[in-house]
1. Using a 10 Å cut-off on Cβ atoms, rank the peptides 211-223, 101-113 from the highest mean neighbour count down.
2. Using r as the Cβ-Cβ distance of residue 203 and residue 400, and R0 as 22 Å, what FRET efficiency do you calculate, to the nearest 0.05?
3. Between residue 407 and residue 499, how many nm apart are label points set 7 Å from Cα along the C-beta direction?
4. Sorted by average packing, counted as other Cβ atoms within 10 angstrom per residue and highest first, what order do 434-446, 392-404 take?
5. Arranged from highest to lowest average of other beta-carbon atoms within 10 Å per residue, in what order do the peptides 486-492, 347-353 appear?
6. Hey, quick one: spin label on residue 389, modelled 7 Å out along Cα-Cβ, who in the stretch 545-578 has an amide N within reach, i.e. under 14 Å?
7. Would you please give the FRET efficiency between residue 245 and residue 550, computed as 1/(1 + (r/R0)^6) with r the Cβ-Cβ distance and R0 = 51 Å, to the nearest 0.05?
8. With each pseudo-label sitting 7 Å past Cα toward Cβ, what's the residue 318-residue 364 distance in nm, one decimal?
């Protein structure tokens, strides 16, 4: 299934019919989706499935327990040769959780979330994958517990949104995501990586079935580590394709999607690859070269940059996907798309530079944090959209947040601590927007760079060999000499590509779309924020209407470097608006 949500009474009273009906109505924005429900007077679990992964992997017995899964667990069997069927692994994990066991969960390598309810104990159990990539948001009070795999569901119901979490909203505007388990609302949290949450009438307990910070360190020789990681990656690809022989994959001009297509082609899979980078860019040209040497059937989508942040690109992608059903051979699961998300941070260590790594290895946490912030141009607390009083109040919150996350790790401080901070925060929240819109966009992603077994091998090693994509370049050559035979796009200050290329092509971290299209992107961003500026309920104690409005107006005029100001104003005004309407929403439950 795709989206899961549910309710549980904690005060002995039946769940109000209005609330049950409201939850079912907001599960999906696609009118063709049907919502399947399990439950009784005092509990409800609901789900929708877009059918991308095949089997639904859910079950329930009349008057008995119910189990629902979103995504894929990929539970390795005892021989470690294959993964269990989705339906089988769901029942295995369910039975173990009923008995307080987690041995199968400790063997998962996929991205998923799961929920189950045990009527005999009146117990709700929520489970996250090892990285927490597929989110579960939940809120608990004396009357009710509620959860959803999309935050918009709880927002629409007004459950847990009655108070703005200033720190969560500040972190969302500074980093692009809240840290730890925070959201923008005080009473809504997201369950942690590899966490099992038990909620009953009078208790809430948390346990971890796996901890990244407790991995036994290694220092492998490069000659053995490269082939080991090649094998682990290929194995992760094999497990995710579940025997598919024809599939769909993104293919950009970088290394991540190229590695995936290379692994698929080595396994003799027909790959329909797609690229939607602008004409004249390295991303587009290098992707086409990679398709040529790897033998994928390549398609170029012409999507303007000003449409890159709205639904137009997804609409174009969906339209192209539908045409693959008439191809021979056609993909077995066309709405499961292979994506290179995670590769640049997990294997390329893109947000860690030598200065930050050295400070952390020397045990200097404060200097390491400052070096990390400089490397990634994160300032925090100085955003001109904020009022002076709030700016003074939140000064240093971003530093405190990083420090708290790193100090909570149960390991010796070193550069891997910083990388773990990124994996458990930045990468954990990396696909939040995708899962919020999955009912509209109708895609599931295969994500082999987030394969837990692959990540374990990396996170046991010292950081230094991976910096600046140095190890990555050796790894891609071992994975596929063909993939490494044509140029690829590289990050600024990282190892250069050794293959010569056309110097006239536009660079992703330079003039990627061109100045005219950049101005259109700025205007598009400003138009979406324009309503906030004139809204009567703008949180004026947090956001300065004049500064926020000036940033919007300048962006409408084509100024392109004010997106961070607009993002801050948008995060606070949107969440404040939702928190203020909560009381009126609750009246409709009865």
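1. 101-113, 211-223
2. 0.15
3. In this crude spin-label approximation the distance works out to 4.8 nm.
4. Sorting 434-446, 392-404 by mean packing, highest first, produces 434-446, 392-404.
5. Taking the mean over residues of other Cβ atoms within 10 Å, the ranking is 347-353, 486-492.
6. 545
7. After rounding to 0.05, the efficiency reads 0.35.
8. Rounded to a tenth, the inter-label distance reads 5.2 nm.
None of the figures in this text is laboratory data; all of them are computed from the coordinates on show. These numbers were taken from a predicted model, which means no experiment stands behind them. Every residue, glycine as well, gets a Cβ built from its backbone with ideal geometry; the counts of neighbours run over all protein chains shown.
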